Amino acid sequence: MAQGMASKGFGMPGEVPGWVNYALLPLLNLLVALILSGLVILVIGENPVDVLSLMLVEAVGYPEAIGYTLYYATSYIFTGLAVAIAFHCGLFNIGGEGQAYLGGLGAGLVGLAMTGWPWPVVAVAAILVSALFGAAWAWIPGWLQAKRGSHIVITTIMFNFIAASIMTYLLVDVLIKPGQQSPETREFDPGTWLPSMERALGWVGVTIPASPLNLSFLWALACCALFQLFLWRTRWGYEIRTVGQNERAAVYAGISPSRNIILAMLISGALAGFVGVNEILGVQHRILLNFTGGVGFVGIAVALMGRNHPVGIILAALLFGMLAQGGGQVSFEYPNVNRELVMVIQGLVILFAGALENLFKPQVESLFRRRGSRGEGRS
Amino acid sequence: MTQPPPPALEARGVNKWFGANHANRDVSLAVPKGTIHGVIGENGAGKSTIMSIVYGYLPADSGEILVDGRPVSVKSPRDALAVGIGMVHQHFMLVDPFTVIENVLLGAEGGVTLAAGRDRARKELIHLAREYGLEVDLDRPVGELPVGAQQRVEILKALYRGADILILDEPTGVLTPQETDHLFRILRALREQGKTIIIITHKLREIMELTDNVTVMHRGEVVANVRTAGTSREQLAELMVGRKVLLRVEKTPANPGPVVLSVEGLRVCDRSGVERVKGVGFTVRAGEIVGIAGVSGNGQSELLEALAGMRPIAAGTVRLRGEDLAGRPGLFNARALRRLHVGHVPEDRQRVGLVTSFEAQECAILGYHDEAVYNGRVLMDRAAILSRCESEMEAYDVRPRDPTLRAANFSGGNQQKIVLAREMERNPDLLLVGQPTRGVDIGAIEFIHKRLVALRDQGKAILLVSVELDEILSLSDRILVMFDGHLVGEVTPEQADERRLGLMMAGAA
């Protein structure tokens with residue numbers, strides 16, 4: 001006791017059941033965010049129950065909506081995993097946005113170059129090249145952190161701006177389709193497109209309505225499984241977690257912090273880069289400006305809310321997918337609830353689920369401690 | 001008939017639960033005014049818990065606290081100070097770049113501007129210093145002061161705030177024998193002036209030397225309230241542990257074999273480039289324990305870390321079984337040294353030896369995680385890791401015996417056993433050990449000491465770094481004393497006594 005107290009301060013948080021941490025607290029945060037959103041909707045003169053239930057219907061109420069929601073969730077899973085792997089190494093990678101942007105460049109170059117190849121070959125190549133581009137973009141801040149001590153938060157933020165500038169230059173001056181005004185490349189050959197879920201399921205005789213949802217959703221789920229295995233079942237994952245939890249213990253154990261920081265950032269960048277496969281090869285079929293639209297930043301909230309665990313990340317990505325899809329549709333129905341207001345709702349969810357994730361933790365934990373001790377006292 | 005004066009501090013029937021753990025079970029104790037009172041017990045016995053309740057860090061689940069016979073409600077350290085209770089923590093609560101006087105003023109500035117309060121404080125502090133022998137340079141930044149002086153600042157802080165009852169938590173852990181003597185003189189002077197002192201410790205020698213009365217705690221309960229004069233070290237130890245304990249490990253004379261480790265002219269710098277080990281040379285043979293004594297901060301930590309491959313060496317040679325490692329980064333790093341059968345029990349188990357957020361079984365392979373036995377082609381072999389951890393827990397009696405429990409949830413002694421089991425069960429030829437029993441209770445100390453001697457008797461070389469003189473004297477076959485980065489002497493335990501070692505450790509002999 002004396003030992004634990006000296007090092008951790010008095011009143012150490014007790015152990016609470018896992019479901020409290022992983023389910024109850026996030027749901028509580030979500031509830032508060034929705035109640036506040038309801039108040040905001042009330043203030044502008046609409047009925048919050050109507051608006052929020054329409055949002056739910058537009059997100060998951062019919063097959064097409066589900067397709068859209070899952071399409072958004074796909075990108076959020078990639079960026080959520082990207083933030084999470086860095087986090088397990090003690091790094092806060094804010095650069096998912098730029099890494100996803102560069103990943104899209106990689107996927108797009110594959111799409112442009114591989115005209116005439118069958119789509120499975122193109123898909124594999126795009127996965128590899130987008131991972132390579134994203135990883136390369138994350139490698140520089142990772143290297144600077146590991147070898148020169150430049151803080152990763154600062155460098156990754158700056159690298160988002162650099163990525164945006166590079167892409168603008170490339171699209172305006174280099175890759176633009178000749179003879180047009182808008183800064184986009186030409187469309188890829190349809191044979192190279194990553195099949196949409198509608199097409200893929202059509203081959204096995206299942207009919208679903210058209211939506212941007214494509215096969216990269218399956219790759220996202222596979223990445224979650226690989227993430228889980230890598231981090232908790234391999235020696236490399238063990239080393240990354242050791243560095244993230246206790247760098248001095250890592251040095252003691254002969255584990256190189258700098259090597260693992262760079263490795264974690266490479267994987268992080270590669271995961272973010274896969275957004276390009278979903279967006280560019282699966283949906284847009286050409287490279288265009290700002291196709292990422294903030295997925296890298298949503299990934300931070302997804303990882304925080306999902307407690308940096310793949311299962312949590314899938315659930316959080318679905319939630320943010322629902323917000324993106326449902327929120328977008330609501331503004332058509334209720335002119336008062338415009339895009340900006342939908343962003344307010346999304347912002348509130350990010351605020352409570354991400355930034356304020358521990359808001360109710362002390363209260364809930366002490367509730368459980370008191371219950372636990374009383375139970376013990378009786379026996 | 002006159003009533004005897006009420007005790008300065010009294011606890012009546014205090015109960016405290018931490019979840020399932022009954023940390024204080026009907027704890028009652030009374031501390032008469034103007035006495036020095038010891039509270040002893042193993043880790044987890046509840047002595048820090050009861051003192052935290054008294055000082056207002058923790059609320060009691062039931063029971064009451066009385067000061068001078070009046071019940072008080074102490075909900076925070078501020079309340080505690082208001083009724084005259086002050087506390088000196090094991091880890092000092094000081095702001096290093098601030099001067100002594102600024103540290104004393106912190107939180108008791110006494111006005112909008114500092115100047116007025118500062119002048120008042122200076123007068124008061126000079127008075128206190130003279131009265132109790134609490135000399136410190138009031139205008140030096142605290143960070144520049146030696147540890148003993150920093151502790152005096154903590155005592156001054158409490159007295160300046162009007163404390164009549166002073167609680168000291170493990171006050172001598174970081175002090176040299178001379179500094180300890182100085183502290184004891186101060187405490188006795190405070191007692192003369194009618195102050196009441198409560199000292200929490202696990203060092204029986206200090207209890208016997210200093211206190212008037214002792215409260216012994218065991219598993220959350222008070223098992224004895226005795227007058228110090230009417231008891232003995234052996235009796236107290238037995239009360240604390242609940243069984244007879246061996247205070248000094250029994251061992252046969254060493255039977256040294258060939259030299260395993262030989263160091264010459266070794267220099268090591270710390271992270272900011274300051275030289276901390278200034279050219280030391282020594283050897284460790286198979287079958288002997290070489291102890292390095294010294295006050296903490298004299299380069300022993302850096303020496304141990306350098307030998308374990310955790311920090312680079314600046315100069316010198318380090319030979320392992322005759323092979324020079326210096327200048328061969330491929331061999332002289334923490335990972336490669338483990339393959340060369342060098343075990344390392346680091347000084348700070350919580351921050352270096354373990355990852356406290358990991359499960360015990362994950363900690364059991366730290367540093368050995370890439371060995372083939374724990375790995376398949378890609379995935380790790382969970383069954384192998386689990387069974388390794390289970391057998392180590394069995395052999396070292398780690399409690400609770402749960403490989404999936406997070407390391408943070410084990411007590412200090414059991415955490416140390418996890419580290420020791422990991423490093424010793426792999427049969428190292430050379431074992432580097434730092435502070436093997438720091439913060440570990442008496443029962444576990446006995447166990448750990450026996451294990452170290454057993455490893456020596458198997459013909460292994462052991463280099464022991466410890467600031468506990470008792471430990472050095474009891475375990476070592478040869479003792480090296482380190483002061484200011486130099487080895488200032490070598491003695492055998494037969495020649496050495498605490499007085500002489502203490503002088504050498506202070507650089508005075």
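Every read-out reported here was derived from the displayed coordinates using simple, explicitly stated rules and does not represent laboratory data. Bear in mind that the values here come from a model prediction, so they are computed numbers and not experimental data. In this analysis, Cβ positions are derived from the backbone assuming ideal geometry, glycine residues included, and neighbour counts consider all displayed protein chains.
The table for this structure:
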quantity: Helix-only mean residue ellipticity at 222 nm for chain A, each DSSP H run of n ≥ 4 adding -39500 (n - 2.57), per residue, nearest 500; calculated: -22000 deg cm²/dmol
quantity: FRET efficiency for B:Arg319 and B:Glu371, using Cβ-Cβ distance with R0 set to 25 Å, rounded to 0.05; calculated: 0.45
quantity: Modelled FRET efficiency - R0 41 Å, A:Trp19 with B:Arg426, Cβ distances, 0.05 increments; calculated: 0.60
quantity: The stretch B:234-307: GluC sites (Glu not before Pro) in DSSP coil with no more than 14 other Cβ atoms inside 10 Å; calculated: B:Glu250
quantity: Gain in span if fully extended, B:Ala384 to B:Ala229, counting 0.36 nm per residue against the direct Cα distance; calculated: 50.4 nm
quantity: Highest average packing first - A:172-182, B:347-357, Cβ atoms within 10 Å; calculated: B:347-357, A:172-182
quantity: Cα pair distances of the stretch A:210-313 binned at 10 Å [whole percent]; calculated: 13, 38, 31, 14, 4, 0
quantity: Cα→Cβ-extended label distance, 7 Å offset, between B:Thr404 and A:Arg233, nm; calculated: 1.6 nm
quantity: Given B:Lys47/B:Lys157; A:Lys147/B:Lys417; B:Lys157/B:Lys203; A:Lys361/B:Lys16; B:Lys33/B:Lys157; B:Lys47/B:Lys460, the pairs whose alpha carbons are separated by over 27 Å; calculated: A:Lys147/B:Lys417; B:Lys47/B:Lys460
quantity: Computed over chain B, the ratio Rg/Rh where both radii use C-alpha atoms and Rh is Kirkwood; calculated: 0.99
quantity: Average beta carbon contacts from partner chains per residue of B:362-370, 10 Å cutoff; calculated: 5
quantity: Ratio of Rg to Rh over the stretch A:198-267 (Cα coordinates, Kirkwood Rh, two decimals); calculated: 1.30
quantity: At 1.306 mPa s and 10 °C, Stokes D of the stretch A:47-355 from Kirkwood alpha-carbon radius, µm² per second; calculated: 80 µm²/s
quantity: Cα extents of the stretch B:68-164 along the three principal axes, largest first (Å); calculated: 41, 31, 25
quantity: Two-site FRET efficiency, B:Glu209 against B:Arg248, from Cβ-Cβ distance with R₀ of 22 Å, rounded to 0.05; calculated: 0.75
quantity: Exposure proxy ranking, count of Cβ atoms within 10 Å, fewest first, for A:Tyr169, A:Tyr334; calculated: A:Tyr169, A:Tyr334
quantity: Interchain or long-range residues, amide H under 5 Å from A:Arg186's placed H; calculated: A:Lys177
quantity: Expected-Rg normalisation [2.2 N^0.38 Å, Cα atoms] applied to the stretch B:347-478; calculated: 1.05
quantity: Cα centroid separation, the stretch A:23-84 to the stretch A:261-339 (Å); calculated: 13 Å
quantity: Other protein chain Cβ atoms within 10 Å, averaged over every residue that makes up B:409-420; calculated: 2
quantity: Extension gain (nm, one decimal) between A:Glu187 and A:Ser331, 0.36 nm per residue minus Cα-Cα; calculated: 48.8 nm
quantity: 10 Å Cβ neighbours from other chains, averaged over peptide A:241-249; calculated: 6
quantity: Farthest toward positive dipole pole in the stretch A:47-355 [+1 Lys/Arg, -1 Asp/Glu at C-beta], among A:Ser258, A:Ile350, A:Val275; calculated: A:Ser258
quantity: Rough spin-label spacing in nm, given labels placed 7 Å along Cα→Cβ, for A:Trp203 and B:Glu264; calculated: 7.2 nm
quantity: Distance between the stretch B:317-337 and the stretch A:223-241 - C-alpha centres, whole angstrom; calculated: 32 Å
quantity: Beta bridge orientation in the stretch B:160-308: antiparallel %, DSSP, nearest 5; calculated: 75 percent
quantity: Interchain or long-range residues, amide H under 5 Å from B:Asp441's placed H; calculated: B:Asn43, B:Gly413
quantity: Convex hull volume per residue in cubic angstrom - Cα atoms of the protein assembly as shown; calculated: 224 Å³
quantity: Ranked A:Trp219, A:Trp19, criterion: other C-beta atoms within 10 Å, fewest first; calculated: A:Trp19, A:Trp219
quantity: Compactness relative to 2.2 N^0.38 Å, alpha carbon Rg of the stretch B:1-141; calculated: 1.26
quantity: Calculated from backbone phi, Karplus (6.51, -1.76, 1.60) coupling profile of the stretch B:76-89 in Hz, x at Gly/Pro; calculated: 7, x, 5, 4, 4, 5, 4, 9, x, 9, x, 9, 10, 7
quantity: Paramagnetic label zone (point 7 Å from Cα along Cα-to-C-beta, B:Glu275; backbone N under 15 Å) in the stretch B:282-325; calculated: B:299, B:303, B:313-317
quantity: Phi-based couplings in Hz for the stretch A:234-249 (Karplus 6.51, -1.76, 1.60; Gly and Pro marked x); calculated: 10, 5, 6, x, 4, 5, 4, 5, 4, 4, x, 7, 7, 5, 5, 5
quantity: Cα-centred dipole magnitude for the protein assembly as shown, charges only on beta-carbon of K, R (+1) and D, E (-1), debye, nearest 20; calculated: 760 debye
quantity: The stretch B:260-301 versus the stretch B:8-58: alpha-carbon centroid distance in Å; calculated: 41 Å
quantity: Derived scalar couplings ³J(HN,Hα) [the stretch B:110-123; Karplus, 6.51 cos²θ - 1.76 cosθ + 1.60; whole Hz; x for Gly, Pro]; calculated: x, x, 6, 9, 7, 4, 4, x, 5, 5, 4, 4, 4, 4
quantity: Surface/4 estimate of mean projected area, convex hull on alpha-carbon atoms of the stretch B:9-241, nm²; calculated: 12.7 nm²
quantity: Cα-based Kirkwood hydrodynamic radius, the stretch B:260-350, one decimal, Å; calculated: 13.5 Å
quantity: Calculated P(r) tail over 23 Å for the stretch B:106-207, as whole % of Cα pairs; calculated: 28 percent
quantity: Per-residue [θ]222 nm for chain B (sum of -39500 (n - 2.57) over DSSP H runs n ≥ 4, rounded to 500); calculated: -9500 deg cm²/dmol
quantity: Loop trypsin sites (Lys or Arg not before Pro), the stretch B:1-77, which have at most 13 other Cβ atoms in a 10 Å radius of their Cβ (DSSP); calculated: B:Lys75
quantity: Rounded to 10°, Cα long-axis angle of helix B:382-395 versus longest principal axis of chain B; calculated: 60 degrees
quantity: Protection-proxy order for peptides A:211-218, A:199-206, each taking the mean of Cβ atoms within 10 Å per residue, highest first; calculated: A:211-218, A:199-206
